[in-house]
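See below for the structure under consideration.
Just so it is clear, none of the values below were taken in a lab; they were calculated from the coordinates. Everything numeric here is computed off the predicted structure, so don't read it as measured data. With ideal geometry, Cβ positions are generated from the backbone for all residues, glycine too; neighbour counts draw on all protein chains shown.
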Amino acid sequence: MTAKIARPSAPAPASASTPRAGFDWRRIAYTTLVSRALDDIEEATNRNRASVPREHQVLYQFSARGHDMAQCILGALMQQPHDGAGAYYRSRPFLLSIGLGIEDALGSPLGRAGGFSDGRDIGVVCNFPNSDGCTVLPMSGDVGSQYTPAAGWAQSIGYHRDTLGDARYRGAISVALGGDGSVATNGFWAALTMATTLSLPMLFYIEDNNLGISVRGDMQTPGGDIARNLASFTNLYVRNGSGTDPHEASGLLEDAVHHVRSGHGPALVRLTVPRLSSHSGPDNQKGYRTEAEIASDDARDPLPQLRDYLVPAFISAEAWTELEAEVERDVHMALDAARARAMPDPLTVARHVVAEPGDEAAMGGLSAAERAALPTTDVPEEDGPMLRVAEAIRRTLRHELTVNPKVVVFGEDVGRKGGVHLVTEGLQKQFGADRVFDTSLSEEGIIGRAVAMAISGLMPVAEIQFRKYADPATEQLNNCGTMRWRTNNRFAAPIVVRMPGGFGKDVGDPWHSLSDEVRFAHAYGWQVVMPSNAADAVGLLRTAMRSPNPTIYFEHRSLLMTGDGSARYPGDGYAIPFGQARIVRTGASLTLVTWGAMVHRCAEATGEHDVELIDLRTIAPWDREAVLASVRKTGRCLIVHEDNLTAGFGAEIAATVAKDAFWFLDAPVARLAPADIPVPYDTALLDAVVPTAQRIRDEVTRILAE
Ligand SMILES: Cc1ncc(C[n+]2csc(CCOP(=O)(O)OP(=O)(O)O)c2C)c(N)n1
């Protein structure tokens with residue numbers, strides 16, 4: 001839907017003495033009071049740190065005081081199965097209101113075992129898997145990073161509802177909570193573009209306390225009012241008002257949620273709230289806030305306003321006092337229980353960096369049953385047609401789209417055009433624009449969307465147009481890689497990210513020819529795949545698409561542009577286990593280790609020499625055993641790659657060989673790679689930087705002569 005939405009008039013003014021109907025005000029009051037009590041406990045602990053035992057301290061504390069009531073009203077409206085939320089460190093009241101238990105709310109800040117992260121993450125960085133109500137996507141510490149996954153969740157609602165025909169998603173919506181500082185981030189704008197261009201069922205909920213730590217709101221958006229500034233945005237329903245007046249806040253939120261739930265597209269609500277504490281535990285706000293400013297914010301505390309709103313119109317003064325006593329009891333019982341929880345076990349800290357057998361409990365990715373229904377073989381068919389790499393990838397995507405309705409393929413120009421490398425050509429025509437689609441030009445948006453889609457159970461294959469253009473998605477990629485570990489296996493986002501890079505046919509440049517694969521090998525939780533030929537391209541892509549872990553799938557540009565990697569199509573079920581190198585040719589005098597397009601240059605270079613050529617195929621994980629076994633046989637090792645020499649992946653291999661095959665070496669381990677120079681455009685310059693077959697041959701000859 002792209003038509004401009006007619007803006008309904010403001011919520012009908014009800015008498016402020018009559019609490020708005022349709023809300024469970026007792027529950028809203030209860031969760032607001034609980035949130036306050038938790039903040040009281042944590043802040044008192046902070047103040048009295050010297051006298052509080054270490055194991056009872058919350059080392060990283062963020063108070064929600066002042067933001068709490070409006071979040072609890074929002075939570076009351078987000079109770080539908082398959083609702084989703086992207087939230088941030090001040091969102092605990094919202095989590096309490098959608099069902100987080102008080103003991104859990106305290107356990108993680110106290111660093112106890114279990115909970116959000118098993119002691120791996122700070123307690124305010126929460127997550128909440130929920131099949132019956134609103135799922136809170138794994139938060140992260142990066143301000144603004146909650147937005148694009150929230151938009152991705154909104155898009156996945158439509159996919160589950162319309163494409164997969166799952167009626168349980170009808171009316172479900174996604175919300176992103178953020179502060180006024182967060183509206184300056186790339187993530188906010190990326191998600192806003194996604195939500196408005198695609199008319200997604202998404203609510204942006206901005207809690208404007210006019211502070212981003214110490215920076216005022218008018219530094220984050222001109223004039224300090226994001227709602228006013230977005231008033232002319234097409235396809236966005238905007239509401240703006242007080243987050244401390246329960247009547248006004250509930251009216252604005254009810255109205256906006258209704259708009260989104262009824263399929264009219266996204267909405268944004270900005271509510272002004274006071275920040276009644278410092279930014280976080282260590283911040284004393286002295287340098288940037290006057291006593292008068294603090295006092296004026298204190299006067300806006302929503303809690304007394306909530307009490308005045310409900311007493312006596314909704315409950316009696318005695319009932320309110322009883323409610324306070326009930327909260328006090330519940331919180332103290334929960335605190336005792338949280339403190340009694342075990343501390344995390346250091347012996348388990350390495351678990352869940354990547355999926356282990358039995359990790360199916362995590363929310364995200366295909367289920368074990370869905371994987372089992374997609375059988376694979378590691379035996380290639382031998383009579384398949386000869387294919388180029390690009391065709392092999394396309395054919396594999398086509399097959400997977402056919403057999404697995406949860407596969408979605410997307411990226412810039414991927415749909416109508418079929419990708420700038422034409423790898424996805426024809427797929428949108430065949431499978432429709434809901435399954436193979438173009439995205440807005442935001443790599444953060446592409447990856448954030450993919451992450452949430454995977455969490456919702458889909459199998460996203462995202463294309464980044466060129467390796468270098470993954471830079472804007474770095475935050476989302478890193479947070480995707482750590483997700484399983486930092487949520488203690490509660491969430492995982494197994495996505496496949498296709499990205500072409502490396503030199504092209506006789507051409508390079510600093511933008512389109514970057515490889516820099518080591519960055520992903522260095523990142524936590526990622527598998528990194530570098531196929532050198534069409535058969536491997538098929539087998540590795542299929543394994544990636546059935547894997548419970550996220551995968552960077554590197555497509556070498558020279559192989560996409562030429563017939564260099566052509567091979568027989570190995571079949572529709574062919575899958576290559578990761579971490580299994582291919583011995584391209586056997587030899588006894590030198591082990592030559594490489595991957596990607598360098599495999600072809602190395603093969604050309606070896607000539608008459610008795611060289612064993614190993615194509616690693618995947619660098620995370622990588623086949624240490626194959627390399628070590630070969631070096632133990634040959635006594636010599638040369639590693640060739642296109643990425644920088646310094647701290648390139650060759651350094652990892654060289655260190656491993658030096659340590660585990662040292663006594664077998666007849667010569668120092670050698671590396672041939674660009675001397676830390678960006679890839680140039682001119683062909684002569686290109687050849688001076690990227691290893692050529694001639695320079696590889698010279699290096700082989702030199703080492704064999706040692
Ligand atoms: C990407 C990123 N940059 C900087 C920070 C450090 N930081 C943490 S909170 C914060 C201010 C955020 O303000 P706002 O979005 O208004 O939320 P509030 O804390 O006021 O609720 C900053 C700069 C961060 N966590 N992430």
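Using the beta-carbon distance between Ala629 and Ala350 and R0 = 41 Å, what value does 1/(1 + (r/R0)^6) give for FRET efficiency, to the nearest 0.05?
Details: r = 26 Å, r/R0 = 0.64.
Given R0 = 41 Å and the Cβ-Cβ separation, E is 0.95.
A dipole drawn for region 349-489 from +1 and -1 charges on Cβ atoms has a positive end, and of Pro385, Gln476, Ala369 the residue lying farthest that way is Gln476.
Size of the dipole of the chain about the Cα centre, Lys and Arg at +1 and Asp and Glu at -1 on the beta carbon, nothing else charged, in debye to 20? Working shown, then result.
Working: 67 positive and 86 negative charges, 141 e Å.
Charge dipole of the chain: 680 debye, to the nearest 20.
With q set to 0.06, 0.08, 0.12 Å⁻¹, the log10 of I(q)/I(0) for the chain, from the Debye formula over equal scatterers at the Cα positions, is -0.40, -0.68, -1.24.
Calculate the dipole size of region 150-216 relative to its Cα centre from +1 charges on Lys and Arg beta carbons and -1 charges on Asp and Glu beta carbons; express the result in debye to the nearest 20. Kindly include the intermediate steps, with their values, before the conclusion.
Values: 4 positive and 5 negative charges, 32 e Å.
Roughly 160 debye, rounded to the nearest 20.
Restricting the calculation to Cα atoms, every distinct pair contributes to the Kirkwood radius of region 501-612, found to be 15.2 Å.
What does the extension gain come out to for Leu59 and Leu685, with contour length at 0.36 nm per residue minus their alpha carbon separation? Before the final figure, lay out the partial values.
Numbers: separation 626, 0.36 × 626 = 225.36 nm, distance 5.36 nm.
Difference between extended and current length: 220.0 nm.
Pairs of Cα atoms nearer than 8 Å and 6+ residues apart set the relative contact order; for region 31-103 it is 38 percent.
Based on the mean of other beta carbon atoms within 10 Å per residue, what is the order of 622-628, 388-394, most packed first? Don't skip to the end; give the middle numbers.
Values: 622-628: 19.4, 388-394: 24.3.
Top of the packing list down: 388-394, 622-628.
For Cα pairs less than 8 Å apart in space and 6+ apart in sequence, what is the mean separation divided by the residue count of the chain, i.e. the relative contact order in percent? Worked out over the chain, it gives 11 percent.
Can you put Lys633, Lys505 in order, fewest other beta carbons within 10 Å first? Can you show the working numbers first?
On the way: Lys633 15, Lys505 11.
By the 10 Å Cβ count, ascending: Lys505, Lys633.
Report summary: the helix-based calculation at 222 nm, which adds -39500 (n - 2.57) for every DSSP H run with n ≥ 4 and divides by the residues of the chain, gives -11000 deg cm²/dmol.
Nothing charged except the Cβ atoms of Lys and Arg (+1) and of Asp and Glu (-1): what's the magnitude of the dipole of region 628-694 about its Cα centre? Round to the nearest 20 debye.
Numbers: 5 positive and 8 negative charges, 91 e Å.
The dipole magnitude comes to about 440 debye.
Cβ-to-Cβ counts within 10 Å put Arg275, Arg54 in ascending order as Arg54, Arg275, the fewest first. Positive end of the dipole of the chain (Cβ unit charges, origin at the Cα centre): among Pro678, Gln428, Tyr147, the Cα lying farthest that way belongs to Gln428. Considering only alpha-carbon pairs that sit under 8 angstrom and 6 or more positions apart, the relative contact order computed for region 179-264 is 29 percent.
Projecting the Cα atoms of Thr272, Ile294, Pro312 onto the charge dipole of region 257-350 (Cβ charges, centred on the Cα centre) puts Thr272 farthest toward the positive pole.
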